[in-house]
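Student: I have a structure I would like to understand better, so I am pasting it below and will then ask my questions one at a time.
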Amino acid sequence: ASSTTSRTGRTKRVLIVGAGSGGSTTAEALVRSGVEHLVAIDPEEVGPENLSRSVYTAADVSTLKVEALGRRLHSINPLVEYDGRPTALDGLSNEELAELVESVDLVIAATDDPAAQRTLNHFSYTFGIPSIYAGMYARGQAGEVMFVVPEITRCYRCATTTRHGVESGRRTDYGTGRLMGEPALGADILHVVTASVKIALGLLEIE
């Protein structure tokens, strides 16, 4: 990252929802790029299957992801101001979520839960906060990174209307351990994370 990006990053606050494969690696990359204010939301613990596609180590297994992520980030930069919240997004009230989103400069949806994505889209667009939606398709066949800047781009829900119909259930979340290990999935996730982090650093430069 350039020195300009690093100086900007130190003053900006990022919310990451989902501390699994994509969320944890995104958080680490942002901290290594100079970001020093992070909030992470995830209700689950690190499992052995997470070790192939995240920043966690064997010592983190059976501990909360947000706690393990905090330790990891502070080992890189002890000055990072980190707020890890061990809860699902729907565990926050509308008032709590509104206050949280309004307090950050960027929202990153690192979750494959469509309902959570819609909720984050609604609150971030309402308060004029840029947001990023990154994820992998089934079996790592492809990935996508979408970003939204209120009043400049379409909102996430508008751009993905066809995928938000009637849902038969929550899709597989690659960060929760509900997915069997798959060859090269970790490397595939890193491709998506690299793209989303480059976009995130650019959005943090927006005044």
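The values are calculated or read from the model by the stated rules, or taken from the named source; none is laboratory data. The shown structure was predicted, so the numbers you read here are calculated from the model rather than taken from an experiment. Don't worry about glycine lacking a Cβ; one is built from the backbone with ideal geometry, like all the others, and counts go over all protein chains shown. What goes into the accessible areas is simple: the full protein's heavy atoms, side chains included, and nothing from ligands, DNA or RNA. Shrake-Rupley method; radii C 1.70, N 1.55, O 1.52, S 1.80 Å.
Every residue, every condition in (1) closer than 23 Å to His191 by Cα; (2) acidic (Asp, Glu), yes or no:
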| site | (1), (2) |
| --- | --- |
| Ala40 | yes, no |
| Gly47 | yes, no |
| Asp60 | no, yes |
| Thr63 | no, no |
| Glu67 | no, yes |
| Asn77 | no, no |
| Val80 | no, no |
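Student: Can Tyr133 be described as more than 15 Å from Gly18 (Cβ to Cβ) and part of a strand (DSSP E or B)?
Tutor: Here the answer is no, as Tyr133 does not meet what is asked.
Student: Checking the condition in contact with a helix residue (DSSP H, G or I) (Cβ under 8 Å, 6 or more places away or on another chain) and either open to solvent by less than 30 Å² (accessible area, probe 1.4 Å) or touching a residue at least 40 places away in the same chain (Cβ under 8 Å) (or both), which residue from Phe123, Phe127 passes?
Tutor: Phe123
Student: Okay, next question. Could you tell me whether any residue of the range 38-55 is modelled with pLDDT under 95, open to solvent by less than 40 Å² (accessible area, probe 1.4 Å) and assigned to a helix (DSSP H, G or I)?
Tutor: yes
Student: Scanning the range 61-115 for residues that are outside any helix (DSSP H, G or I) and open to solvent by less than 20 Å² (accessible area, probe 1.4 Å), which turns out modelled with the lowest pLDDT?
Tutor: Looking at residues that are outside any helix (DSSP H, G or I) and open to solvent by less than 20 Å² (accessible area, probe 1.4 Å), I get Asp112.
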